[in-house]
Amino acid sequence: MTSVGILNVTGYAGSELARLLHGHPHVQLTGVTGRSAAGKRLPEIFPHLWPIDLPIAESLDGVDVVFSALPHAAAVEQLLPYIDAGVPVIDLSADFRLKRVDEYEAFYKVTHPAPQLLQRAVFGLPELHPDEIAASKLTAVPGCHATGVILALAPAFAAGIIEPAVVADTKTGLSGAGRTLGLNVHFSEADENVAPYALDGHRHLPEMTQELGSLAEAPAPEITFVPHYIPMTRGILSTCYAQLRPGVSLDRAALMRIYRDYYAGAPFVHVSDAPPSTKHVAGTNYCVVHPSIDRRTGRVVVASAIDNLGKGAAGAAVQCLNVMLGLPETAGLQSLALFP
Ligand SMILES: NC(=O)c1ccc[n+]([C@@H]2O[C@H](COP(=O)([O-])OP(=O)(O)OC[C@H]3O[C@@H](n4cnc5c(N)ncnc54)[C@H](OP(=O)(O)O)[C@@H]3O)[C@@H](O)[C@H]2O)c1
């Protein structure tokens with residue numbers, strides 16, 4: 001058994017990670033930390049995690065792998081000693097996702113204390129970087145919107161069938177905003193309400209450009225990305241629109257083949273004949289992708305659905321762990337959606 005620990009179990013991503021690791025056949029969760037809850041036991045903070053009766057400590061000692069579910073900036077600070085000691089690290093924050101420190105600092109408005117690590121860190125999307133993750137000791141789990149959009153568009157960019165200008169629209173459940181309270185998640189303001197946000201450039205945008213740009217020949221993708229909060233707890237539905245390149249003529253069956261071939265070895269991506277819905281992936285590590293063509297306009301329209309706390313965060317972190325440890329990629333992650 002490999003022993004693993006979670007820095008900051010007290011948020012939604014950290015608690016979901018604890019839930020998933022409890023059911024993992026090859027690893028054991030042996031330590032958790034949490035700033036405001038240090039000294040308490042995990043079930044005191046999260047009663048639904050009653051079988052995981054661990055003390056919430058101030059640091060992790062003697063674990064084989066460290067997960068961090070801290071917010072950005074706090075993550076890199078707390079992870080540096082583990083990275084320096086050579087402990088494999090899987091970080092759920094944005095601190096190691098971007099290769100360009102100027103982009104990180106522009107979008108996150110903080111100075112990166114260890115920019116030399118950015119080239120070493122691996123973007124934790126096994127569908128795109130399986131070999132790098134297998135060899136990695138520092139893996140950065142992608143942002144939840146970035147996962148939904150990249151998985152929706154990667155086959156089309158890799159095949160060179162779409163123009164670089166794409167529009168990506170996402171609808172996200174409120175757990176995406178985390179457990180920290182804010183007016184945007186206040187029940188009486190969020191219920192029966194839909195609103196776009198971050199229209200001047202959401203923080204997950206540079207990840208999308210970085211990753212999709214690495215698949216396509218120049219020119220680089222130009223992505224207009226607008227997320228929307230909707231009144232549900234979990235899930236992200238992404239709808240992405242792109243023009244077919246001049247001279248490319250495809251029918252829906254040919255587009256399906258491109259997607260199915262691209263994801264042939266990806267156990268967590270299901271290319272579906274029907275449009276996805278967030279209920280098809282709730283509580284899972286799956287991404288359901290549905291590519292289609294609007295023949296009147298010559299546009300490819302791709303919809304994808306993930307659970308923001310599953311494939312968008314904790315599930316993806318466990319998938320990366322499996323790849324890093326050489327375990328079956330699906331270990332501990334095989335449950336299907338909670339439905340209805
Ligand atoms: N929610 C998602 O869907 C999602 C998806 C992908 C990635 N992520 C990433 O996962 C990480 C955690 O997100 P979350 O949604 O779980 O957040 P969250 O539910 O809001 O939890 C944040 C936690 O961080 C603690 N915290 C805040 N500032 C801290 C600091 N400076 N030092 C130590 N602890 C601090 C808070 O604990 P206190 O009680 O001590 O204040 C709180 O429990 C973030 O990096 C986020 O970007 C989240």
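Every read-out reported here was derived from the displayed coordinates using simple, explicitly stated rules and does not represent laboratory data. Worth saying up front: this structure is predicted, and the values here are computed from it rather than measured. For neighbour counting, all protein chains shown are included, and Cβ atoms are generated from backbone atoms with ideal geometry for every residue, glycine included.
With each run of n ≥ 4 DSSP H residues scored as -39500 (n - 2.57), what mean residue ellipticity at 222 nm is computed for the chain after dividing by its residue count and rounding to the nearest 500 deg cm²/dmol?
Roughly -7500 deg cm²/dmol at 222 nm, from the helical runs in the chain.
For the chain, with a Gaussian network of springs between Cα atoms less than 10 Å apart, report the residue from 304, 238, 15 with the top mean-square fluctuation.
15
Would you grab the residues whose amide H sits under 5 Å from the one on residue 225? Only those 5+ places off in sequence or on another chain, please, with H modelled 1.01 Å from N.
Counting only residues 5 or more places away or on other chains, the set is 168.
Specify the angular offset, from 0 to 90 degrees and rounded to the nearest 10, of the alpha carbon long axis of helix 252-262 from the longest principal axis of the alpha carbons in the chain.
That works out to roughly 30 degrees.
Helix 315-325 sits at what angle to the longest principal axis of the chain, using alpha carbons and giving 0 to 90 degrees rounded to 10?
Here the helix axis deviates by roughly 80 degrees.
Would any residue of segment 5-27 have its amide N under 20 Å from a label point 7 Å out along Cα→Cβ of residue 184? List them or say none.
11-14, by backbone N distance to the label point.
FRET efficiency for residue 233 and residue 274, Cβ-Cβ distance as r, R0 = 35 Å, nearest 0.05?
That gives a FRET efficiency of 0.90.
I need the GluC sites (Glu not before Pro) found in segment 187-237, filtered to DSSP loop residues with at most 15 other beta carbons within 10 Å of theirs.
Within segment 187-237, the qualifying GluC sites (Glu not before Pro) (loop, at most 15 other Cβ atoms within 10 Å) are 192, 217.
Between residue 297 and residue 111, what is the label-point separation in nm under the 7 Å Cα-to-beta-carbon projection?
For residue 111 paired with residue 297, the spin-label model returns 4.5 nm.
How large is the dipole of the chain about the Cα centre if only Lys and Arg carry +1 and Asp and Glu carry -1, each at its Cβ, rounded to the nearest 20 debye?
Its charge dipole is roughly 520 debye.
Just want the ordering: 256, 208, 1, from fewest to most Cβ atoms lying within 10 Å of their own Cβ.
With the sparsest Cβ surroundings first, the list reads 1, 256, 208.
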